[in-house]
Amino acid sequence: MADAGENNANKRRIAPGSGRRRTPAFHKGRQPEPAASDDIAALLGDRPRDRDLLIEHLHRVQEAYGHLSAAHLQALAAEMRLSMAEVYEVASFYAHFDIVLDGESPPAPVTVRVCDSLSCVLAGGDALLESLPERLGADARVVRAPCMGRCDTAPVAEVGHRHVDHADAEAIAATVQSGKQHPEVPEHVRLDAYVRNGGYTLLRGCLDGTRSVEDVIRTMEDSRLRGLGGAGFPAGRKWHFVRQEEGPRLMAVNADEGEPGTFKDRFHLERDPHRFLEGMLVAAWAIDAEAIYIYLRDEYPAVREILLEAIADLERAGMNGDRAIHLRRGAGAYICGEESAMIESIEGKRGLPRHKPPYPSQVGLFGRPTLVHNVETLYWVRDILEKGPDWFSGEGRNGRKGRRSFSVSGRVKEPGVKFAPAGITAQELIDEYCGGMADGHSFKAYLPGGASGGILPASMADIPLDFDTLEEHGGFIGSAAVVVLSDRDSIRDAALNLMRFFEDESCGQCTPCRVGTEKAVKLMSEQSWNRELLVELSAAMASASICGLGQAAPNPLLCLLKYFPEELS
């Protein structure tokens, strides 16, 4: 009886709520396979297993094996001390991760992505996409892909991590058969050449006390530089706000330009990366950031090679001081261009936008005050601080201030990145910087700010392209991605292409965007449009969506209804 009482007492001591748990005889859930665990341990080596490195480690597994098997996902979860659910929800969120579950066949050894965004469709991307499966056969898997940031060389395809510009089926097939899947790294300004031309003199002046934080921030404010990623918040004021917050502080750089029609950041990074990096380090010094995180879209593999080399050169030269620079990759998610979604992704999570407030300047990366800038904003910092605020604010046309890098694509003779004064009109941009319209095309319409910025008719091509000039007309400049359409193009088809993009790229977190974009595509695909219902749906999306994706998605649709009603008759 004594033994029985002792056993009963033990049972009472381990009852639920008592604070003690019985060690289970076996672990719950799927267990890592020993071979898969060995694979992951060898692949990660002595790299940290920190939670925020999950996406980087998923990239490493995918690159090693061509896909993410269920066994490797489970082994990675165990290696990082995460649940399988946490790992799976992240891997399944991003388009560039290929998950292969038990019983499923892995994808073909080579993946060919063909851009289906507007500029590439104008250049024949749809026909190219249809012809490739038969042309390539079992040698490759062919998939649609959103904008790759190479709109000036449309149509564009990506074979593995190697881009094919002005692509046709023969060039893509030759690239597949060559086995060359690594990016071609363009010639660019390296550290030695940059320093010989005065580079990093500004940064040294900041670090040695020649320049004060107060003077630098004041100069940035006086220049009237606004954030050039789309939101347009004054850069100097942002530095001031973050500097006021209690440390430690961080900095995050948004190099995830996924807006269809936008490729200016890639242009800068592929040619003069240290000009951007110097501006970044000066900004980090001004707010006393403990570390910097650069978030780069996965569609820019050549830029990644350039930045890895440039950052390593900086660290060897000691120019970054004790401030760590981390380069993180996205994995195919347009939503991560939104600053709070980018922060979530840097932390190794799904890229779901956060509710605001609090803003990243108060509670950002890892819960710390964070300065968030895009690449082009930082690209101008050196020139502004060396030449003075009047140099930058003295530029501009039609009463506007500053300079911009316009990404121009579509029906023009000379597409590309154009350095032009803020406030230039679309007509001036086409005539003075792009060599006019392409042969045989007449100017019909234009997107002033990429997919989100609306569609305006050529009759409104005299509006200055800048912040706050287009909103009353139903558009905005955003990232200054100008896509030019001609008399040969259907505005209706263009608007549907853009709405399909938003449907595909909605993160799904909020109902107005998730359901609204899907319903809009269905309504816009019908022969006869229910205009009243589309306007009502647009109002719900614009007013109730969490972030700018859902709020701006109706802009092209509403512009079509307002300015091109003849296309619906």
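The values are calculated or read from the model by the stated rules, or taken from the named source; none is laboratory data. Keep in mind that what you see is a predicted model, and the values were worked out from it rather than measured. Methodologically, a virtual Cβ is constructed for each residue, glycine included, from the backbone with ideal geometry; neighbour enumeration extends over all protein chains shown. Calculation scope for accessible area: heavy atoms of the full protein, side chains included, ligands and nucleic acids excluded. Shrake-Rupley method; radii C 1.70, N 1.55, O 1.52, S 1.80 Å.
Considering ALA494, ALA539, ALA520, which residue is farther than 22 Å from ARG397 by Cα, open to solvent by 30 Å² or more (accessible area, probe 1.4 Å), of a type in the set (A, V, I, L, M) and not in a loop (DSSP other than H, G, I, E, B)?
Details: ALA494 fails: open to solvent by 30 Å² or more (accessible area, probe 1.4 Å); ALA520 fails: open to solvent by 30 Å² or more (accessible area, probe 1.4 Å).
ALA539 is the lone residue from the list that is farther than 22 Å from ARG397 by Cα, open to solvent by 30 Å² or more (accessible area, probe 1.4 Å), of a type in the set (A, V, I, L, M) and not in a loop (DSSP other than H, G, I, E, B).
Which of the residues that make up the range 392-407 are more than 30 Å from the chain's Cα centre (by Cα) and in contact (Cβ under 8 Å) with a residue 60 or more places away in the chain?
Correct list: ASN398, GLY399.
How many residues are open to solvent by 10 Å² or more (accessible area, probe 1.4 Å) and in contact with a helix residue (DSSP H, G or I) (Cβ under 8 Å, 6 or more places away or on another chain) when one looks only at the range 345-359?
The qualifying residues number 6.
Mind listing whichever residues of the range 262-293 are farther than 27 Å from PRO448 by Cα and not in a helix (DSSP H, G or I)?
ASP288, ALA289, GLU290, ALA291, ILE292, TYR293 - these are the residues of the range 262-293 that are farther than 27 Å from PRO448 by Cα and not in a helix (DSSP H, G or I).
For the structure I just gave you, tell me whether PRO186 is touching a residue at least 24 places away in the same chain (Cβ under 8 Å), surrounded by fewer than 17 Cβ atoms within 10 Å (Cβ to Cβ), part of a loop (DSSP other than H, G, I, E, B) and not hydrophobic (A, V, I, L, M, F, W, C).
On the way: touching a residue at least 24 places away in the same chain (Cβ under 8 Å): yes; surrounded by fewer than 17 Cβ atoms within 10 Å (Cβ to Cβ): yes; part of a loop (DSSP other than H, G, I, E, B): yes; not hydrophobic (A, V, I, L, M, F, W, C): yes.
For PRO186, the condition - touching a residue at least 24 places away in the same chain (Cβ under 8 Å), surrounded by fewer than 17 Cβ atoms within 10 Å (Cβ to Cβ), part of a loop (DSSP other than H, G, I, E, B) and not hydrophobic (A, V, I, L, M, F, W, C) - is met.
What number of residues in the range 361-417 are assigned to a loop (DSSP other than H, G, I, E, B) and of a type in the set (Lys, Arg)?
So in the range 361-417, the residues assigned to a loop (DSSP other than H, G, I, E, B) come out as 361-364, 368-369, 380, 388, 394-402, 411, 413-415.
Cutting the leftovers down to of a type in the set (Lys, Arg) gives us 368, 397, 400-401, 411, 413.
Selection size over the range 361-417: 6.
Taking the residues in the range 453-464 that are assigned to a loop (DSSP other than H, G, I, E, B) and open to solvent by less than 10 Å² (accessible area, probe 1.4 Å) as candidates, determine which candidate is farthest from SER506 (Cα to Cα). Write out each step before concluding.
Taking the range 453-464 as the starting set, the residues that turn out to be assigned to a loop (DSSP other than H, G, I, E, B) are 453-455, 461-463.
Now drop any that are not open to solvent by less than 10 Å² (accessible area, probe 1.4 Å), which leaves 453-455, 461.
On the way: GLY453: 17, GLY454: 18, ILE455: 21, ALA461: 30 Å.
The qualifying residue farthest from SER506 (Cα to Cα) is ALA461.
Looking at ALA324, ALA331, ALA312, which one is of a type outside the set (Val, Ile, Thr), within 21 Å of MET80 (Cβ to Cβ), more than 16 Å from the chain's Cα centre (by Cα) and at pLDDT 95 or above? Spell out the reasoning first.
Values: ALA331 fails: more than 16 Å from the chain's Cα centre (by Cα); ALA312 fails: within 21 Å of MET80 (Cβ to Cβ).
ALA324 is the lone residue from the list that is of a type outside the set (Val, Ile, Thr), within 21 Å of MET80 (Cβ to Cβ), more than 16 Å from the chain's Cα centre (by Cα) and at pLDDT 95 or above.
Within the range 544-556, can one find any residue that is outside any loop (DSSP other than H, G, I, E, B) and hydroxyl-bearing (Ser, Thr, Tyr)?
No: zero hits.
Do the conditions hold for GLY227, that is, is it within 30 Å of ILE477 (Cα to Cα) and in contact with a Phe, Trp or Tyr (Cβ under 6 Å, 6 or more places away or on another chain)?
Here the answer is yes, as GLY227 does meet what is asked.
Given ALA35, ALA41, ALA71, ALA64, which one is assigned to a helix (DSSP H, G or I), at pLDDT 95 or above and surrounded by 18 or more Cβ atoms within 10 Å (Cβ to Cβ)? Before you say what the answer is, go through the steps one by one.
Details: ALA35 fails: surrounded by 18 or more Cβ atoms within 10 Å (Cβ to Cβ); ALA41 fails: surrounded by 18 or more Cβ atoms within 10 Å (Cβ to Cβ); ALA64 fails: surrounded by 18 or more Cβ atoms within 10 Å (Cβ to Cβ).
Of ALA35, ALA41, ALA71, ALA64, the one residue that is assigned to a helix (DSSP H, G or I), at pLDDT 95 or above and surrounded by 18 or more Cβ atoms within 10 Å (Cβ to Cβ) is ALA71.
Just the residues that are assigned to a strand (DSSP E or B) and farther than 14 Å from ARG404 by Cα, please, taken from the range 422-450.
MET437, PHE443, LYS444, ALA445, TYR446, LEU447 - these are the residues of the range 422-450 that are assigned to a strand (DSSP E or B) and farther than 14 Å from ARG404 by Cα.
Would you mind finding the one in ASP256, ASP288, ASP272 that is open to solvent by 10 Å² or more (accessible area, probe 1.4 Å), over 20 Å from the mean Cα position of the chain (by Cα) and of a type in the set (D, E, K, R)?
ASP288
Can you tell me which residue is surrounded by the most Cβ atoms within 10 Å (Cβ to Cβ) among those in the range 123-169 that are closer than 20 Å to PHE97 by Cα and of a type in the set (D, E, K, R)?
By that ranking, first place goes to GLU158.
In the range 222-253, what count of residues is obtained for those that are open to solvent by 10 Å² or more (accessible area, probe 1.4 Å), closer than 30 Å to GLY453 by Cβ, without any contact (Cβ under 8 Å) to a residue 60 or more places away in the chain and part of a helix (DSSP H, G or I)?
2
Can you tell me which residue is modelled with the lowest pLDDT among those in the range 465-491 that are within 22 Å of PRO415 (Cα to Cα) and open to solvent by 30 Å² or more (accessible area, probe 1.4 Å)?
PHE476
In the range 452-470, is there at least one residue being hydrophobic (A, V, I, L, M, F, W, C), within 26 Å of the chain's Cα centre (by Cα) and closer than 26 Å to GLY124 by Cα?
yes
What is the residue count in the range 302-339 for residues that are touching a residue at least 60 places away in the same chain (Cβ under 8 Å), closer than 19 Å to PHE267 by Cα, open to solvent by less than 20 Å² (accessible area, probe 1.4 Å) and in a helix (DSSP H, G or I)?
The number of residues fulfilling the criteria is 3.
Given the options GLU158, GLU134, name the one that is among the acidic types (Asp, Glu) and modelled with pLDDT under 95.
Sole residue among the options that is among the acidic types (Asp, Glu) and modelled with pLDDT under 95: GLU134.
Name the single residue that is most open to solvent (accessible area, probe 1.4 Å) among those in the range 171-183 being farther than 21 Å from VAL303 by Cα and touching a residue at least 24 places away in the same chain (Cβ under 8 Å).
GLN177
Select from the range 387-411 the residues that are open to solvent by less than 10 Å² (accessible area, probe 1.4 Å) and at pLDDT 95 or above and write down the one among them that is nearest to PRO234 (Cα to Cα).
Within the range 387-411, the subset open to solvent by less than 10 Å² (accessible area, probe 1.4 Å) is 392, 402, 404-409.
After this cut, where a residue has to be at pLDDT 95 or above as well, the list is 405-409.
Working: SER405: 17, PHE406: 19, SER407: 21, VAL408: 24, SER409: 27 Å.
Looking at the filtered set, the residue picked out is SER405.
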